[in-house]
Amino acid sequence: MQFDLRQCLRMAVAVVLVALFIVPTDGLAQSHVVSPADLQKEAVSSSQVRQHNIDSVQHLLSTPAAEKALKSAKMDPQQVKTAVSTLDDHDLAQLAARADKAQADFAAGSLSERDLLLIILGIAVIVLIIVAVR
């Protein structure tokens, strides 16, 4: 029996190939891949935050004083409310924070009704400008 290097290499390659196909690939998967459940939770959370922001801005724009101010400025309140939902997440979050702060300040008495109306008109103008630019 003679030692055949080619035969030995063929056997080694065959063993390696068999081992690669037999070993489950799930064990070799990368551990940093995000699970579908985590993606679903993040999507639901993002959707809830966006809906809360839309509700916050629309609540401010739905007050009788806001509707009166918008009409006196020759703006259609329904058009402004509809435009709110077309804003991107970043702009919507900023406007919602301003709307919440304005409502809290007005409730605390640190804003007059005139100041609140000016803030409402400012928010409406910003919404319409952002929508028009797109």
Handout entry: Meets criteria (touching a residue at least 24 places away in the same chain (Cβ under 8 Å) and in a helix (DSSP H, G or I)) for Ala66
Key = yes
Exercise for the section: Within the range 79-134, track down each residue that is touching a Ser or Thr at 6+ places or on another chain (Cβ under 9 Å), of a type in the set (Lys, Arg) and over 15 Å from Ser62 (Cα atoms). Expected result: Arg134
Exercise for the section: Only residues that are among the polar types (S, T, N, Q), more than 20 Å from Lys68 (Cβ to Cβ) and in a helix (DSSP H, G or I): list them for the range 79-134, please. Expected result: Gln94
Handout entry: Answer residue from the range 35-63, given it is among the hydroxyl-bearing types (Ser, Thr, Tyr) and assigned to a helix (DSSP H, G or I) and is nearest to the chain's Cα centre (by Cα) among those
Key = Ser46
Problem - Residue in the range 82-94 that is under 28 Å from the mean Cα position of the chain (by Cα) and over 26 Å from Ser47 (Cα atoms) present - result: no
Handout entry: Total residues in the range 35-61, condition in contact with a Lys or Arg (Cβ under 8 Å, 6 or more places away or on another chain) and modelled with pLDDT under 90
Key = 1
Practice task
Taking only the range 97-125 into account, find how many residues are surrounded by fewer than 16 Cβ atoms within 10 Å (Cβ to Cβ) and among the hydrophobic types (A, V, I, L, M, F, W, C).
Solution key: 6
Completion exercise
Pairing a residue in the range 112-134 that is closer than 16 Å to Ala97 by Cα with any residue that is at pLDDT 85 or above and β-branched (Val, Ile, Thr), where Cβ atoms lie under 6 Å and the two sit 6 or more apart in sequence or on different chains, gives Ala124/Val80; Val127/Val80; Val127/Val84
Practice task
Please work out if Lys71 is in a helix (DSSP H, G or I), closer than 19 Å to Gly122 by Cβ and free of Cβ contacts under 8 Å to residues at least 12 places away in the same chain.
Solution key: yes
Exercise for the section: Among the candidates Lys81, Lys74, Lys68, Lys41, single out the residue that is surrounded by fewer than 10 Cβ atoms within 10 Å (Cβ to Cβ) and among the charged types (D, E, K, R). Expected result: Lys74
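The values are calculated or read from the model by the stated rules, or taken from the named source; none is laboratory data. Quick caveat: nothing in here was measured; it's all calculated off a predicted structure. Neighbour counts are summed over all protein chains in view; Cβ atoms, including those assigned to glycine, are modelled from backbone coordinates with ideal geometry.
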